[in-house]
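Before any comments, here is the structure.
The values are calculated or read from the model by the stated rules, or taken from the named source; none is laboratory data. Owing to the predicted nature of the structure, the values given are computational and were not obtained by experimental measurement. Here Cβ is always computed from backbone atoms with ideal geometry, including for glycine, and neighbour counts include all displayed protein chains. When the accessible area is computed, the model is the full protein with side chains, heavy atoms only, and any ligands, DNA or RNA have been set aside. Shrake-Rupley method; radii C 1.70, N 1.55, O 1.52, S 1.80 Å.
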Amino acid sequence: MEEDFYWLWICNIDKVWNATIRRILNIFGTPREAFIVSEKVLRSELSKIAGMNEKVINIIVQSRNREAVWRLHEKLNQKGVRFIHCESREYPIKLRHINHYPYGLYIKGCIADLSGVIDGEKRHTVSIVGARNCTAYGRKMAGDLGYELATKGVNVVSGMAVGIDGAGHWGALRACHMQKNIHIGGSVVGKICDMQEYKNVKVPNEYISNEYIPNEYISDECISNECTPGKSTEAGITIAVLGSGVDICYPIQNFELYQNIMQNGIVISEYPLGTKPMAWQFPQRNRIISGLSDRIIVVEAREKSGSLITVEYGLEQGKDIYAVPGRIGDSLSSGCNRLIQEGAGILTNTENIMRELELGELYPCKISKNKNIVLEKDLELVYSCVDYFPKSVEYIIEETGMEMTQVYRNIITLQLMGLIDEQTKNHYVRTW
Amino acid sequence: MKGKSLQREERIAIYCYIKSASIWGIEPYVVDIEADVSSGLPYFNMVGLLASEVREARERVRSAIKNIGETLPSGRITINLSPADRKKEGTAFDLPIAIALLCVMQRLDAKRFKDTLIVGELGLDGEIKKVRGILPIVAMAQNLGLKKCIIPYDNRQEGSVCDKVTLLAFQSLKELVDYYTEQPEGMSVNYLREVSLVSGKPDNLLQPERESEQDFLDICGQETVKRAIVVAVAGHHNLLMSGVPGVGKSMLASRIPDIMPPLSLEEKLEVSGIYSICGKLNASGLMEGRPFSAPHHTITTAALIGGGIIPVPGEITLAHRGVLFLDELPEFHQNVLDSLRQPLEEREVKLHRNKGSYIFPADCLLVAAMNPCKCGYYPDRNRCHCSEADVKRYQSRISGPLLDRIDMSIEVPRVKMEASSVLSTAQMREMVHRAVERQKDRNGGKNNSSLSIKELQNYCELDEESEDFIRQAYEKFEMSMRGYHKVLKIARTVADVEQSENININHLSEALTYRLMF
């Protein structure tokens, strides 16, 4: 307990980041030592560290104030944030093994025992990363992967950015919600969080539009497979690693997601409370994403993508990399395709994800969904024309050779059934 | 005694007055021009709340009179333009002032101008130049029962639209003076003879209606968009087209006036009058086709809806009875777009000045075009690198209230080279014509887009199946009540285009695909 106090102190000194902490610990061994030595010794020892200037030394010296640290401790308790350090029992062993592991982690969410989640024998953890400006295809793939993994009890880690990251999280949350029998998406969005603080935030349509299908469109088999409520521990947990303090939601478009993860998953960060999102912090947090996971899936990435930083960390840490292949010539898939060329695993199927990821059939699936959707001939024809890349009406008319008005009718009907979605004006993508 | 009185008579003011006209907003009004020469130091004064271009008429008139070989009387000349409390603008007063002076000088006989309205600008050499607003001025003269109008020769075609008034079109002041000194009074003249007599051959006035050089057949593919255009025109629904650059949005828009129902004679006069006032009427006289106005996106509010101390009609009034095409809609200034809200709703522009209010007609079909995002290629992620937030930001440049007044939106996709063109302008015009006829019979002359809620309930009855369908859609697409009404109106128009009495699911589906996305 006393140790926790000193760790909290050393992790919360202004302008002192992970690397500096390491240097300080190299000299003093433990944070406690650094706290209790006399000011003279501290100053003389600190000044030996390369790159340390008078200003920072002053800050460190002044920060040795027990009252201030206790106040901080109070604040953490108030905000429901748990602080763990690298010697805590809850600190994931997997993370401990990486280079430059973070000394302190701030955790907010439904489960405090991070180690139990990450290192538990039965658990696997997979991260889903990718571009922020993704295509509907990428979003769909990330969502499906997140869902499939979570239903099989695999934890899903990502960075809570817009695009692929967000879709991955939502996918995993969906599995979680399915278990609790809450539908998110469609026209029914459960009001789970308190939105008072950020009234103007609306959930982006692309995340929520694709799950809820009215029962009458699904064949009987599926309904009988409906999940039983109350066994939420079965589903994998989603973990968001932030590049800002855990009390700051960035980007703000993901506020609903942030709230949802807090209810049903874990939000973690190595940065103290109130740290603003700065550009340099995001590549840094990628090492935690890869460090927590056993496998890394890259869904969509351009040739030069931030996701490839995660991949590099992952390779350094000896994790397996998988990529979702794309079409040749699609710039958003060029990064993934190159990874495959360089030896990354190829995901060809979201259904047999455990086999694909070579994780073995550890968890028999508790939640199943059946995709046997029976459609009329005309609807089927139009539906078959639409895929994961946006298709314009003109294209569908040409492909099917049907009358314009018929196509319009079928498109609207399919939309009403929730099988396709209008991504932008008159461009349609599959959601199912 | 007698000699003394005569002497006095000569010294008493010599006075005459001439009728002229000017434009107030878009309304013509009569201006009486009074000229007076009294004894005193040589002086030329003009009064009557004059703008500087009217004040400058003094110099032009002086030179013109000198250059046709006349000499101004060496006395105190006063010109008054009445009503004296209205600000006078424009150059049309040069000629009547000159004529008034010539009458005062007794070079011309003032009696012969008693029932004559005179407008025209003068050059220093006495040339009569064309002026704006001839058509409404001549029409006003006709309504007031005036017999003759003297107008510039270059404006003769415009003036000749009104056939109950005799037009005299001269090229120069010299010609006019010669004509009036040589022609004995009482000889009735008619315009065509007059023109041939005075200034050579008349032009052929009544040209047959020219077929437009452009046709919808010129456009590759885009059948869905053409269909949407037919619906938009038929029901007078404002239309927003979005699409990547270079797929033919502007081409499509510029052809829309061709498929609109032809203008009636009154409408032609109304539209031509507005163009005449703005000096934009081409030489052929009446406007035959519907106007098409496509202002650049840097336009100011005043230029779009009209403005100025004495308001001048803006582009939206120039598009009256035609099409107002706003290309690159998000690039327009926010406040400019917002100023369109009232005119689009009420179909007229109201401008208020401390000297009075002005109402300009603005019954136009709004057609707007935009790219889906800043670079123009969204959702093609190979070319578009805009983030979702960028796309949203770009689209949100158009304010909600304006979007509310746009009824339909359609995507203009990229087309293949070999795409064939099916619908021609003639076919589309026919489709529109039939739909409009149906509407007129049913709605009592109203467009579908301007139906009231009550009328909607009467004319847009749905059967059970359709009712159920639209209810589902209402929930699924999270529509507003206004959006729902728009869909109903558009469905009504689609049914009209299809010559169907009732609205069915097909019509509703089509209307739903045209609904606005953001």
(request) Return the aspartates and glutamates within reach of B:Lys374: Cα separation strictly under 15 angstrom, same-chain partners fewer than 8 residues apart disregarded; answer none if there are no such residues. (result) B:Asp327, B:Glu328, B:Glu331, B:Glu388, B:Asp390
(message) If I take every Cα pair under 8 Å that is 6 or more residues apart in segment A:73-176, average their sequence separation and divide by the length, what percent do I get for the relative contact order?
(response) 23
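Per DSSP helix of 4 or more residues, -39500 (n - 2.57); summed, then divided by the residues of chain B. What does that give at 222 nm, rounded to the nearest 500? Write out the running numbers ahead of the final one.
Values: 23 runs with 204 residues, N = 518.
That calculation yields -11000 deg cm²/dmol at 222 nm.
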(message) Whole-Hz ³J(HN,Hα) for each residue in segment B:213-229, computed from phi via Karplus 6.51 cos²θ - 1.76 cosθ + 1.60 with θ = phi - 60°, x for glycine and proline: what do you get?
(response) 6, 9, 9, 5, 5, 5, 8, 6, x, 6, 5, 5, 5, 4, 4, 4, 5
(message) With a cut-off of 8 Å between alpha carbons and a minimum separation of six or more residues, what is the relative contact order of chain B in percent?
(response) 13
(request) Taking only protein heavy atoms into account and a 1.4 Å probe, give the accessible area per residue of chain B in Å². (result) 45
(request) Mind listing the long-range amide H neighbours of B:Arg353? Cut-off is under 5 Å, sequence gap 5 or more, other chains count too, H placed in the peptide plane at 1.01 Å from N. (result) B:Tyr358
(message) Keeping all protein chains in the complex and leaving out DNA, RNA and ligands, what accessible area do you get for A:Ser47 with a 1.4 Å probe, in Å² to the nearest 10?
(response) 70
(request) Give the share of C-alpha pairs in each 10 angstrom bin for chain B, from 0 to the last occupied bin, in whole percents, shortest bins first. (result) 4, 16, 22, 20, 14, 11, 7, 3, 1, 0, 0
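Based only on the alpha carbon positions, what is the Kirkwood hydrodynamic radius of segment B:216-442, in angstrom?
Details: mean 1/r = 0.0538 Å⁻¹.
Roughly 18.6 Å, rounded to one decimal.
Would you mind giving the mean number of other chain beta-carbons within 10 Å of the Cβ of each residue in B:223-232, as a whole number? Please report the intermediate quantities before stating the final value.
Numbers: counts 4, 9, 3, 0, 3, 1, 0, 0, 0, 0.
Per residue, the number of nearby Cβ atoms from other chains is 2 on average.
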(message) Rounded to two decimal places and with Rh computed the Kirkwood way over Cα pairs, what is Rg over Rh for segment A:377-430?
(response) 0.90
(request) Tell me the label-point distance for the pair A:Glu2, A:Arg355, using the 7 Å Cα-to-Cβ offset, in nm and rounded to one decimal. (result) 5.8
(request) List, in the order given, every pair from B:Lys66/B:Lys111; B:Lys87/B:Lys174; B:Lys147/B:Lys268 whose Cα-Cα distance in the structure shown is over 28 Å. (result) B:Lys87/B:Lys174
(request) Straight distance only, please: which aspartates and glutamates reach the Cα of B:Lys355 with their own Cα at less than 20 Å, same-chain residues fewer than 8 apart left out? (result) B:Glu27, B:Asp85, B:Glu89
(message) From the phi angles alone, apply the Karplus equation (6.51, -1.76, 1.60; θ = phi - 60°) to segment A:6-22 and give each ³J(HN,Hα) in whole Hz, x where the residue is Gly or Pro.
(response) 5, 5, 4, 4, 5, 7, 10, 7, 4, 6, 10, 9, 3, 5, 5, 4, 4
(request) On the full set of protein chains, 1.4 Å probe, figure out the accessible area of B:Arg341 and give it in Å² to the nearest 10. (result) 80
(request) Distance between Cα centroids, segment A:1-80 to segment B:344-381: provide it in whole Å. (result) 63
(message) For segment B:459-518 and segment A:382-396, what is the centre-to-centre distance using only Cα atoms, to the nearest Å?
(response) 23
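When averaged across all projection directions, what area in nm² does the alpha-carbon convex hull of the protein assembly as shown cover?
Computed as one quarter of the Cα hull surface, the answer is 55.5 nm².
List, in the order given, every pair from A:Lys140/B:Lys226; B:Lys129/B:Lys280; A:Lys304/A:Lys425; B:Lys350/B:Lys392; A:Lys15/A:Lys304 whose Cα-Cα distance in the structure shown is over 22 Å.
Numbers: A:Lys140/B:Lys226 33 Å; B:Lys129/B:Lys280 15 Å; A:Lys304/A:Lys425 30 Å; B:Lys350/B:Lys392 33 Å; A:Lys15/A:Lys304 30 Å.
Check vs 22 Å cut-off fails for A:Lys140/B:Lys226; A:Lys304/A:Lys425; B:Lys350/B:Lys392; A:Lys15/A:Lys304.
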(message) Checking the cross-link filter: which aspartates and glutamates have an alpha carbon closer than 15 Å to that of B:Lys489, excluding same-chain neighbours under 8 positions apart?
(response) B:Asp404, B:Asp407, B:Glu455, B:Glu461, B:Glu467, B:Glu498, B:Glu501, B:Glu510
(message) If you count only protein heavy atoms and use a 1.4 Å probe, how large is the accessible surface of A:Ile412, to the nearest 10 Å²?
(response) 0
(message) Need one number: % antiparallel among DSSP beta bridges in the protein assembly as shown, to the nearest 5.
(response) 45
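Counting pairwise Cα distances across segment B:11-199, what percent come out greater than 20 angstrom?
Numbers: 8812 of 17766 pairs.
Tail of the P(r) past 20 Å holds 50 percent of the pairs.
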(message) Based on alpha-carbon centroids, what's the gap between segment B:54-129 and segment A:291-343 in Å, whole number please?
(response) 85
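Averaged over peptide B:380-386, how many Cβ atoms belonging to another chain are found within 10 Å of each residue's Cβ?
On the way: counts 5, 15, 8, 1, 3, 4, 1.
Per residue, the average neighbour count from other chains is 5.
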(request) First select every other residue whose beta carbon is under 14 angstrom from the beta carbon of A:Ser63; then total the charges, Lys and Arg +1, Asp and Glu -1. (result) +3
(message) I'd like the mean, over residues of A:413-425, of how many other protein chain beta carbons sit within 10 Å of each residue's own Cβ.
(response) 5
(request) Please report the relative contact order for segment B:63-146, taking Cα pairs under 8 Å with a sequence separation of at least 6, and give it as a percent rounded to a whole number. (result) 35
(request) Give, in whole angstrom and from largest to smallest, the semi-axes √(5λ) of the equivalent ellipsoid of segment A:2-79, with λ running over the eigenvalues of the Cα gyration tensor. (result) 21, 12, 12
